[in-house]
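Chemist: First, the structure itself, so that you have it in front of you.
Quick note: the coordinates plus some simple rules give every number you see, no bench work behind them. The structure displayed is predicted, hence computed values, not measured ones. Reconstructed Cβ throughout: ideal geometry from the backbone, glycine too, with neighbour counts over all protein chains shown.
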Amino acid sequence: MTEVVAPGIDALLEQARSGVRRLTPEETVAASRRGALIIDTRTEAQRREQGELPGAIVIDRTVLEWRLDPGSEWRIPEATSYDMEVVVVCRQGYSSSLAVATLRLVGLWRTTDMIGGVEAWQAVGLPLNAGPADVRT
């Protein structure tokens with residue numbers, strides 16, 4: 001039996017982040033102010049524990065591409081153009097990078113994520129809300 005040599009998650013993450021300028025929490029705030037969509041993919045339990053990201057739209061990772069693709073019949077109303085700026089945020093900044101890679105494959109070329117996720121947001125003292133969140137299903 002031949003053993004399969006897989007590159008592993010670290011190589012996949014490096015590939016996903018290649019050519020993407022990721023944002024700090026402060027840069028994410030600035031992006032939001034200029035009209036970027038801030039998308040929170042954390043689970044309900046994570047949001048309950050950490051708090052809600054102000055101004056973010058919560059979209060479950062399992063339907064993210066369908067909700068943000070302007071050509072999808074299941075898109076959210078804010079998904080108006082492949083040129084829109086999108087910042088994906090997760091808990092620590094790992095799964096958001098993988099999400100960015102697939103959103104870019106869909107055609108959303110201005111999509112990026114936040115370095116360190118909500119944990120980095122908290123570390124620099126930016127505010128979180130108690131809720132309610134803008135959850136899209």
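Chemist: Six or more apart or on different chains, Cβ under 7 Å: which pairs go from a residue in the range 1-22 that's at negative phi to one that's in a helix (DSSP H, G or I) and of a type in the set (Ser, Thr, Tyr)? Could you list them?
Modeler: LEU13/SER97; ALA16/SER97; ARG17/SER97
Chemist: Restricting attention to the range 1-54, and to residues there that are among the basic types (Lys, Arg) and more than 25 Å from SER81 (Cα to Cα), which single residue is surrounded by the most Cβ atoms within 10 Å (Cβ to Cβ)?
Modeler: Only one residue fits best here, namely ARG47.
Chemist: Filter the range 62-77 down to residues that are crowded, with 17+ Cβ neighbours inside 10 Å and free of Cβ contacts under 8 Å to residues at least 60 places away in the same chain and give me whichever is farthest from SER97 (Cα to Cα).
Modeler: Per the stated criteria, the residue is ASP69.
Chemist: Restricting attention to the range 92-117, and to residues there that are hydroxyl-bearing (Ser, Thr, Tyr) and in contact with a Gly (Cβ under 8 Å, 6 or more places away or on another chain), which single residue is surrounded by the fewest Cβ atoms within 10 Å (Cβ to Cβ)?
Modeler: That would be TYR94.
Chemist: Sticking with this structure for a sec: Looking only at the range 86-107, count how many residues are touching a strand residue (DSSP E or B) at 6+ places or on another chain (Cβ under 7 Å) and on the phi < 0 side of the Ramachandran plot.
Modeler: 10
Chemist: Considering (1) over 25 Å from ILE9 (Cβ atoms); (2) surrounded by 20 or more Cβ atoms within 10 Å (Cβ to Cβ), say which one VAL89 fails and leave the rest.
Modeler: Answer for VAL89: the failing condition is (1).
Chemist: Moving on to the next point. How do the helices (runs of 4 or more DSSP H) wholly within the range 1-51 filter down when requiring 3 or more residues that are farther than 18 Å from LEU98 by Cα and over 16 Å from the mean Cα position of the chain (by Cα): which remain?
Modeler: Correct list: 44-50.
Chemist: Now, a different point. Here is a check on your reading of the model: is VAL100 in contact with a Ser or Thr (Cβ under 7 Å, 6 or more places away or on another chain) and not basic (Lys, Arg)?
Modeler: Spelling it out, VAL100 is indeed in contact with a Ser or Thr (Cβ under 7 Å, 6 or more places away or on another chain) and not basic (Lys, Arg).
Chemist: Taking the range 30-45 only, how many residues are in contact (Cβ under 8 Å) with a residue 24 or more places away in the chain and touching a strand residue (DSSP E or B) at 6+ places or on another chain (Cβ under 9 Å)?
Modeler: 9
Chemist: Further, regarding this structure: Give, as residue ranges, the helices (runs of 4 or more DSSP H) completely inside the range 62-137 that count at least 3 residues that are among the hydroxyl-bearing types (Ser, Thr, Tyr) and more than 19 Å from ARG34 (Cα to Cα).
Modeler: Qualifying helices (runs of 4 or more DSSP H): 95-106.
Chemist: Follow-up question, since we're still on this one. What are the residues in the range 80-137 that are without any contact (Cβ under 8 Å) to a residue 60 or more places away in the chain, closer than 17 Å to GLU26 by Cβ and polar (S, T, N, Q), if any?
Modeler: SER96
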